[in-house]
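In what follows, a single structure is set out as structure tokens and then discussed.
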Amino acid sequence: MPPRMKNPSLVVPDALQPLLDLSNAIGQADVPKQTLDLVRLYISHLNGRQYQTPSSAGSIDERLLKVSQWRSDPSFTPAERAALALAESCSQLGSRTDPVPDEVWDAAAEHFTEQQLGALVLQIALVNLWNCVNVSTRQEPADWR
């Protein structure tokens, strides 16, 4: 399907730069880039946002291709699992009475500092924002990088 419109971040004056600035700030919070990438791809998977990933596994971390199996795949670290559980809870706020249960938050807090947790929550919110923009306006699948 063709896009319904140009990307809103390009149509609304001065909208894109603050989003890019927020992404840059998140990247400076000392959360491993790989963890942020896993969170971005998993949330996008949950929201139906498609990415075009390289066909050769050697060009990206193979775990990105199997992020939807993070619970059962042994290649994910405990910190990554905690970040992905937090991402899932924060991205499905209407699915339970307590959307982000203490056990999910506490598991993430065992692996990340307060600043890193803040960056993860902002990353989750930002990815959900981008997914809403891109899915609702039917933007073409994005290249992974």
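Just so you know, all these numbers are worked out from the coordinates, no wet-lab data involved. Values in this document were obtained by computation on a predicted structure and should not be read as measured data. As a convention, Cβ positions derive from the backbone with ideal geometry for all residues, glycine included, and neighbour counts pool all protein chains shown.
Here GLN34 fulfils each of the conditions (1) of a type in the set (S, T, N, Q); (2) under 28 Å from GLU140 (Cβ atoms); (3) out of contact with any Lys or Arg (no Cβ under 9 Å at 6 or more places or on another chain) apart from (3).
The set of residues in region 111-123 being among the aliphatic types (A, V, I, L, M) and either farther than 20 Å from LEU16 by Cβ or in contact with a Pro (Cβ under 6 Å, 6 or more places away or on another chain) (or both) consists of LEU117, ALA119, LEU120, VAL121. Restricted to region 114-133, and to residues that are out of contact with any helix residue (DSSP H, G or I) (no Cβ under 7 Å at 6 or more places or on another chain) and over 25 Å from GLU62 (Cβ atoms), which residue is surrounded by the fewest Cβ atoms within 10 Å (Cβ to Cβ)? Applying the filter and picking the extreme gives GLU114.
Here PRO78 passes the criteria (1) surrounded by 17 or more Cβ atoms within 10 Å (Cβ to Cβ); (2) touching a His at 6+ places or on another chain (Cβ under 7 Å) except the one numbered (1).
Condition check: loosely packed, with under 13 Cβ neighbours inside 10 Å and either touching a Leu at 6+ places or on another chain (Cβ under 9 Å) or under 24 Å from TRP105 (Cβ atoms) (or both). Does PRO18 satisfy that? Working first, answer last.
Details: loosely packed, with under 13 Cβ neighbours inside 10 Å: yes; either touching a Leu at 6+ places or on another chain (Cβ under 9 Å) or under 24 Å from TRP105 (Cβ atoms) (or both): no.
No, not satisfied.
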